[in-house]
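Read the structure below first, then the notes.
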Amino acid sequence: MDSEDEVNSVVSSVDVGMDDDDSSVDFGADSDVEIDDHYQDDAAFETQEKDLMPKKKAFEVDYRVYSPEDIQKQQDKQVAEVSTLLEQPHEITAILLRFGRWNKERLIEKYMDNQEEVLDKAGLGQDVYKSPPRIDPPRIFTCDICCEDGPHESFALKCGHRFCVTCYRQYLFQKIRGEGEAARIKCPGDGCNRVIDTKSLDLLVTSDLTDRYHELLMRTYVDDKENLKWCPAPNCVYAVECGVKKRDLNKVVPTVQCDCHHSFCFGCTLADHQPCPCSLVRRWLKKCEDDSETANWISANTKECPRCHSTIEKNGGCNHMTCRKCRHEFCWMCMGVWSEHGTSWYNCNRYEEKSGLDARDAQARSRQSLERYLHYYNRYANHEQSARLDKDIYHKTEKKMTLLQGASGMSWIEVQYLEEASRSLQQCRQTLKWTYAFAYYLARNNMTEIFEDNQKDLEMAVENLSEMFEKPTDQLAALKVEMMDKTTYCNRRRVILLDDTAKRLKDEQWEFNVELS
Amino acid sequence: MAANKRIMKELGDVNTNPPPGCKITTKDEDIYNWDVSMDGPDDSIYKGGKFTIAIVLPKEYPFKPPTLSFRTKIYHPNVTNDDRGAMCLGMLRAEEWKPPNKIADVLKLVRAVLSAPQPDDAVEAGIADQFKNDRKGFDKTAQDWVKKYAK
Ligand SMILES: [Zn+2]
Ligand SMILES: [Zn+2]
Ligand SMILES: [Zn+2]
Ligand SMILES: [Zn+2]
Ligand SMILES: [Zn+2]
Ligand SMILES: [Zn+2]
């Protein structure tokens, strides 16, 4: 079927064979691209453009960026289409689609199957559009929310749960402003599941809430679609479409770039973390959070209790340690049980005692694992810090570019290589940073060396370029060609590393010392 | 204030007709903070215990649900085993709470959950596991805690 092909072509860099699980078909058939002629034209144009560009790399995925207007158009188009099919007005169809989380096919199927049930579940009893909703004139009744008797204006949906208009409005205010709910706000009646339709909302929602309400409706549309995500950059209003599914995330790191220039992972919406798969990123960040602050200090100043492994700080000169947690008494020097020491308090002469040997062994192992972590963490943190500094460098670069223009008589265009170098540095550092998290979880096999070589090459290229960047401005003009070469080289090394890593990730050639979850 | 009238009415109602096993007081005329003394339901392992429960009404009440915490330590899969003793169940969730719901309904729900814990909705996974797989052990600890803390 048509739509399936569409999706596969969208995810062409991901193994088509992965699409073997039936549960995906729903989403596949739901692709927005295929129903919209306008977008289809665009897609055709894109393919043309792509033919001229170098072939897509293994670490790249197809994606599209949408503006809020595009998204609104998509929504309207889908509503219009389904509206014709179901022979229901636009309003009702919109509610049904929101209720069905924008899964057109499933909704249509269910609707054809049992129209009454679907309407009922979506909070649209059959007679909802016979008479338009209205606010009823003041009368005396006890509103079950404010407990006032009135007379007050009131409102009730078809279910008949009547409340005073003040309470109704306050309820909507709480839902929309407080809870960010819009598409599926239910009747305030106790236990009532009827969804408040858009017409009623328009009648009740106060003007200061209307914008927020429509914004939320738009949000739910994107949130409901597996293949759409908001760009996580602050204040960015664009959404990105990408066909990579959750279950593919151990084989691909779907990295997209929004029109606002922010690069992020479509899988987890964190900033670009290639080549590290999402699950390892999650694990690594958690680990860093747990360990990093104390890890350095711990390795220098503390040992673990040989019995309960809680961390013990040595203060003062006495070697007789008592674990604060389990009260185990042991010797700081040899880690042996203190009772074996007899009265030789000040001089540990029990270095060969069995209990001490075992404990030292265990300690050494745990130290070793800490040291291993620190090895990778320090490099990761170093690049992270450098990348942060690079943000300043960007501003420095601009200054340098202006200075250089003045000193060398070069034009603005001619000094662009500095900006390119700076951008390349940032991007490569970002990649390098995550190679260390990746490497930390990498189990040794005959492929590991290739990875480490690639990593080393990129690292060297980055350091070389970085060094050059620090040269005084008056030398920069003379270094232009060399700097451009080094920039190109950096970019190439990055592509090589990412390409190779992504290919092997897809083919499951890497072995990890943890389970990819 | 509109909420005041509603809360006063609820307070009046629970005083003339308190939910089974419950005694309700408010501190220093502060109608947004309720103290409940609840007897463990007779058909539950908490029978014989007396539990103090604090109910806090948010300023948006009744449009936002009240929060509820056990001041008396209780061994129960739906109550956090910490100094908050928070219980979050069904109607107490923002998305399920409806403004006509009353605190008396909440207290009835609490009693129902004491009688029939809901391990699939647990906040304490360990206790829920034990409830499902080692009912004897669960009952014993729960009763021990009643003796220890809820007398
Ligand atoms: Zn009212
Ligand atoms: Zn209703
Ligand atoms: Zn963006
Ligand atoms: Zn990710
Ligand atoms: Zn210990
Ligand atoms: Zn010793």
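Using Cβ contacts closer than 10 Å as the measure, can you line up A:MET401, A:MET468, B:MET8 from fewest to most?
Details: A:MET401 20, A:MET468 17, B:MET8 12.
Fewest-to-most ranking of A:MET401, A:MET468, B:MET8: B:MET8, A:MET468, A:MET401.
DSSP loop (so not H, G, I, E, B), at most 15 other Cβ within 10 Å: list which GluC sites (Glu not before Pro) in the range A:388-492 pass both filters. Before the final figure, lay out the partial values.
Values: sites: A:GLU398, A:GLU414, A:GLU419, A:GLU420, A:GLU449, A:GLU452, A:GLU459, A:GLU463, A:GLU467, A:GLU470, A:GLU482; in loops: A:GLU470.
Loop-located and lightly packed - A:GLU470.
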Which shape class, rounded, prolate or oblate, goes with the range A:136-205 when its Cα gyration tensor gives a ≥ b ≥ c as root eigenvalues, a/c under 1.5 marks rounded, and past that a/b bigger than b/c marks prolate? prolate
How do A:ASP272, A:ASP248 rank when sorted from fewest to most other Cβ atoms within 10 Å of their own Cβ? A:ASP272, A:ASP248
Spatial separation of Cα centroids for the range B:70-88 and the range A:145-191, in angstrom: 32 Å
Cα gyration tensor of the range B:54-151, axes a ≥ b ≥ c as square roots of the eigenvalues: rounded (a/c below 1.5), prolate (a/b > b/c) or oblate? prolate
On C-alpha positions alone, give me the angle between the axis of helix B:103-115 and the longest principal axis of chain B, in degrees, nearest 10. 10 degrees
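Just tell me how shielded A:168-175 is by partners: mean number of partner chain Cβ atoms within 10 Å of each residue's Cβ, no decimals.
Values: counts 1, 0, 6, 4, 1, 2, 8, 3.
Shielding by partners across A:168-175 averages 3.
Distance check, please: which entries in B:LYS102/B:LYS148; B:LYS102/B:LYS140; A:LYS251/A:LYS286 exceed 27 angstrom between their Cα atoms?
B:LYS102/B:LYS148; B:LYS102/B:LYS140
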Likely footprinting exposure, A:TRP412, B:TRP34, fewest C-beta neighbours within 10 Å first: A:TRP412, B:TRP34
Can you list the HN-Hα couplings for the range A:196-212, worked out from phi with the Karplus curve (6.51, -1.76, 1.60; θ = phi - 60°), rounded to whole Hz and with x for Gly and Pro? 6, 6, 4, 4, 5, 4, 4, 6, 9, 5, 6, 4, 5, 9, 4, 4, 4
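Once you charge only the Cβ atoms, +1 for Lys and Arg and -1 for Asp and Glu, what is the size of the charge dipole of the range A:372-506 about its Cα centre, to the nearest 20 debye?
Working: 21 positive and 20 negative charges, 103 e Å.
Value, rounded to 20: 500 debye.
Since every read-out is calculated from the coordinates, none of them should be taken as a lab result. Keep in mind the model is a prediction, meaning the values are calculated, not measured. Neighbour counts run over all protein chains shown; Cβ positions are idealised from the backbone, glycine included.
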